[in-house]
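J.: Here you go, one structure.
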Amino acid sequence: MKTKFILSIGFGALWLAVSVWLSLPWIQQVAYFLPAAYVWAVVIGIAFLPGFLMSGMFFSNLMHFGVKKYPTVCEDTTVVLCAHNEEKEIAHTIQAIFCQEYAGEICILVVDNASTDGTKRVIQKMMERAPANRPIRYLYCDEKGKAHALNAGLAQVRTRYFITVDADTCLEDHAVQRIMDHIAATGSGCVAGNLFVQNPKASLAARMQNYDYLLSIAAVKRYQGSYNSTLVAQGAFSAYQTEAVRKAGGWRPVMGEDIVLTYNLLQTGLASTYEPAAVGYTKVPETLGDLYQQRLRWAMGMLEGLQEVHPWQQKGFAKYFTSVNMSIIYLDLAFLFGFLPGVILALFGYYYLAGLLTVLTLAIGIVFFLSVYIYQKRLGIPFKNSFIGFVCFLLFFQAVQSTASVHGYLSHMFERKGQW
Amino acid sequence: MRINNRMFVCLTALAVGITAFGLLRGLDRRARRAAIPAQDLSCGPVIALTFDDGPNARHTPQLLDVLYETQTPATFFVVGDQIDGQERLLREIADSGHEIGSHTNTHVKLTQITEGQARVEMEAVASKIRQTLDGYEPRFVRPPYGEYPQWMEEAPDLELALWTMDSGDWLHPNADLIVERVLSLAKDGDVVVLHDDNPATVEAVARIIPALKEKGFRFATLRQMEQAGYTVTR
């Protein structure tokens, strides 16, 4: 693991060195027309640093191209499913758990978090239909907030491991088997599942997110997971060691409760890994507004995690990955105040910051994404494609992501309370 | 979208726009420079600084800054291949009041090609100049390496403009050597050949101009020099 890590960093450093060497004359030229400090800040933020990170990730993922298969287990497990006004989705989610090809018992612990719609009625109907090895336990948590609901569920878990699934996330038939095999074999503190988009054709926003989950998020988790440092075991679908979560104090009542928990687990020295073959289809925001709000929350969550456990307090490779996480703030700012103005300059015929090299970078990005796509395709788990979604993802998604993220960072810094 | 979020998006868009506007204003500052006026050539020795092989993305802008700060008109013999992608720079040269001449399209040795090929070369660069500068017709032609076939000297439609002093910057790209050579040889009516693809030349020109001014020299484009009664063509 250490060798591969060093090799991937080395590759990234080599890429960086070549990039700097090739671009120095161009930077010197541009710095003549634009403020030099600004040019350097932008080029570092939109080219050098992302290039280093992405190339290291790409090389590492190439070295870890195979999907590990773990010995099959069938020990009993629990799925903690928190729901707040999910009458429309929860039945499908529970049905998907019923259909899991898993020999052991899956206790479905549904935590109704003060729903005011027909969620309880739907759960009760599903309880009547539950097979013997998929019993449903209903729990009511009147204290609003996902963390409270999760902690209420955690208090009732009786199995060695448990899985969290969002009420709008349908698991693929082998998801529980795969994630249980993984966590039982590796002893990880938590294992993040692989999320695909459940509603990829619902809107343009959903089509773009389809590729964000399929390509970007999956690639990052795979990279981090290869070194036992998946920074976010997402609440939508992850498996946990019950005792480890209890020792870590469960979930904090913050915006990014799953991020903070993962950071806490990492701090104890436990591995946080990723199982690409354990797939959950999650419902993504269908409007730009909802997407923006989600990414704002995620950005706040990232800072909450970093504040809860500083990078230097982490152990092993997690130290590196959480430090890199901090640099994302700089990358977002460079994108907004460097790349976007550069695009505007290009519209006026000034190709100093965005020009032919941007097109080349896009091409390199496509090659990178292609490798991730092939990996996902090889899993044999279906997902939908959308050409327009991919193009819009390439061209516009980062603008939404970076704007929402910077909003999230500022909200956190000025201690503004986030909203779901 | 929630109102708070909408406001932040608008603020961010505004901030991005302001950043872009600020950058454009900075870039436009160069384009808004007034053209360098012609100097009074009637009293004192006159010298023409000419620059071959540009426009160069890196060094020509620096040179233009030096010429602007010292209010020195000059002549640029540009290569067609160099114009590609540097149209804005060519416009800046022209807008600054400098003269533009032809130095062929590919910097080819004119003695090694046929007349037909040579005419294609010169028409190609002239066409690029016309297209970029809204019909500007380059009057003077400077053959690369100073070598030209006999037919060019006799062609009535070509005005060959060579030089009387070689700065040597192409051979010894060293600012001290360039400055020493030019200052020691400069005389009234000289046409100095330099190259604006060379950082040493930029540094040297920044020193040459004030030094020659102190000696009483006036600077001119080739056309201005010719109008003042000097011979600039073969």
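J.: Note down the relative contact order for segment B:151-234 as a percent, whole number, built from C-alpha pairs under 8 angstrom at least six residues apart.
T.: Reported relative contact order: 35 percent.
J.: In addition: Per residue of chain A, what 222 nm ellipticity follows from adding -39500 (n - 2.57) for every DSSP H run with n ≥ 4, rounded to the nearest 500?
T.: After summing the helix terms and dividing by residue count, I get -17000 deg cm²/dmol.
J.: Segment A:159-259: Rg/Rh from Cα coordinates, Kirkwood Rh?
T.: That ratio equals 0.97.
J.: Let me ask you something else. If you take every DSSP beta bridge fully contained in the protein assembly as shown, what fraction is antiparallel? Give it as a percent rounded to 5.
T.: The antiparallel proportion sits near 20 percent.
J.: If you build a Gaussian network model of chain A, linking Cα atoms that sit under 10 Å apart, which residue out of A:GLY389, A:GLY153, A:GLY380 swings the most?
T.: Answer for the Gaussian network model of chain A: A:GLY380.
J.: Would you please classify the overall shape of segment A:82-224 from the alpha carbon gyration tensor, given that a ≥ b ≥ c denote the square roots of the eigenvalues, rounded means a/c under 1.5, and beyond that prolate means a/b larger than b/c while oblate covers the rest?
T.: Oblate, since a/c reaches 1.5 and b/c is not below a/b.
J.: While we're here: Taking a label point 7 Å from the Cα of A:LYS377 along the Cα→Cβ vector, which residues of segment A:25-61 have an amide N closer than 20 Å to it?
T.: Output list for this probe position: A:58-59, A:61.
J.: Oh, and also: If the cut-off is a Cα-Cα distance under 16 Å, which lysines reach A:LYS146, setting aside same-chain residues fewer than 8 apart in sequence?
T.: Partners within reach: A:LYS417.
J.: If you don't mind, another one. Over the Cα atoms of segment A:76-137, what radius of gyration and what Dmax do you get, in Å?
T.: My reading of the Cα-based Rg and Dmax gives 11.0, 35 Å.
J.: Further question on the same structure: If the reach is capped at under 26 angstrom between alpha carbons, list the lysines near B:LYS128, excluding any in the same chain fewer than eight residues apart.
T.: Output for B:LYS128: B:LYS109.
J.: Separate question: Tell me, A:VAL260, A:VAL157 in order of fewest to most beta-carbon neighbours within 10 Å?
T.: Exposure proxy ranking, most exposed first: A:VAL157, A:VAL260.
J.: Using alpha carbon coordinates only, what is the Rg to Rh ratio of segment A:214-274, with Rh defined as the Kirkwood radius?
T.: 0.96
J.: Now a separate question. Please work out whether segment B:1-114 counts as rounded, prolate or oblate from its C-alpha gyration tensor, where a ≥ b ≥ c are the square roots of the eigenvalues and a/c under 1.5 means rounded, while otherwise a/b larger than b/c means prolate and anything else oblate?
T.: oblate
J.: Could you name the lysines in cross-link range of B:LYS215, using Cα to Cα under 30 Å and dropping any fewer than eight places away on the same chain?
T.: Counting by Cα, and skipping residues close in sequence, B:LYS215 has these lysines nearby: B:LYS187.
J.: While we're looking at this one, here's another question. On average, how many beta carbons from a partner chain sit within 10 Å of the beta carbon of a residue in A:284-291?
T.: 2
J.: Rounded to the nearest 10 degrees, what's the angle between the helix A:257-267 long axis and the longest principal axis of chain A, both from Cα atoms, 0 to 90?
T.: 80
J.: I'd like the orientation of helix B:175-185 relative to chain B: the angle between its Cα long axis and the longest Cα principal axis, in ° from 0 to 90, rounded to 10.
T.: 40
J.: Over all distinct Cα pairs, what is the inverse of the mean 1/r for the protein assembly as shown, reported as the Kirkwood hydrodynamic radius in Å?
T.: 29.1
J.: Also, I was wondering about something else. How shielded is B:17-24 by partner chains, expressed as the average number of their Cβ atoms within 10 Å of its Cβ atoms?
T.: Average neighbour count from other chains, rounded to a whole number: 6.
J.: So, in nm, how far is label A:VAL391 from label B:LYS187 when the simple model puts each one 7 Å beyond its Cα toward the Cβ?
T.: 6.9
J.: Of A:HIS148, A:HIS407, A:HIS92, B:HIS98, how do they rank once you tally other Cβ atoms within 10 Å and put the fewest first?
T.: Final ranking by Cβ density, sparse to dense: A:HIS92, A:HIS148, B:HIS98, A:HIS407.
J.: Counting other beta carbons within 10 Å of each residue's own, what order do B:ILE18, A:ILE217, B:ILE129 fall into, fewest first?
T.: Exposure proxy ranking, most exposed first: B:ILE18, A:ILE217, B:ILE129.
J.: From largest to smallest, what semi-axes in whole angstrom does segment A:51-161 give when each is the square root of 5 times an eigenvalue of its alpha carbon gyration tensor?
T.: Values for segment A:51-161, descending: 32, 20, 14 Å.
J.: B:GLU159's amide H: which non-local residues (gap 5+, or another chain) put their own amide H closer than 5 Å, with H modeled 1.01 Å from N in plane and none for Pro or chain starts?
T.: B:VAL141
J.: Further, regarding this structure: Return an integer: the convex hull volume of the alpha-carbon atoms of chain B, in Å³ per residue.
T.: 153
J.: Roughly speaking, what % of Cα-Cα pairs in segment B:47-123 are separated by over 19 Å, rounded to a whole number?
T.: 36
J.: Output the pairs from A:LYS88/A:LYS247; A:LYS125/A:LYS221; A:LYS69/A:LYS319 with a Cα-Cα distance over 30 Å in this structure; if there are none, say none.
T.: Too far apart for the 30 Å limit: A:LYS88/A:LYS247; A:LYS125/A:LYS221.
J.: Taking every residue in A:347-354, how many Cβ atoms of other protein chains lie within 10 Å of its Cβ, on average?
T.: Mean partner-chain Cβ count within 10 Å for A:347-354: 3.
J.: Could you list which residues have their amide H under 5 Å from that of A:TYR281, counting only those 5 or more apart in sequence or on another chain, with H placed in the peptide plane?
T.: So A:TYR281 has HN proximity to A:CYS170, A:LEU171, A:GLU172, A:PHE196.
J.: Where a ≥ b ≥ c are the square roots of the eigenvalues of the C-alpha gyration tensor, would you call segment A:343-420 rounded, which needs a/c under 1.5, or, failing that, prolate if a/b is larger than b/c, or oblate?
T.: oblate
J.: To continue, here is another question. Taking N as the number of residues in segment A:180-234, what is its Cα Rg relative to 2.2 N^0.38 Å?
T.: Compactness ratio reported: 1.31.
J.: A follow-up question, please. So what's the convex hull volume per residue for the Cα atoms of segment B:77-190, in Å³?
T.: Hull volume over Cα atoms, normalised by residue count, gives 130 Å³.
Where a number appears in this text, it was derived from the coordinates with a stated rule and is not lab data. The shown structure was predicted, so the numbers you read here are calculated from the model rather than taken from an experiment. Neighbour counts are summed over all protein chains in view; Cβ atoms, including those assigned to glycine, are modelled from backbone coordinates with ideal geometry.
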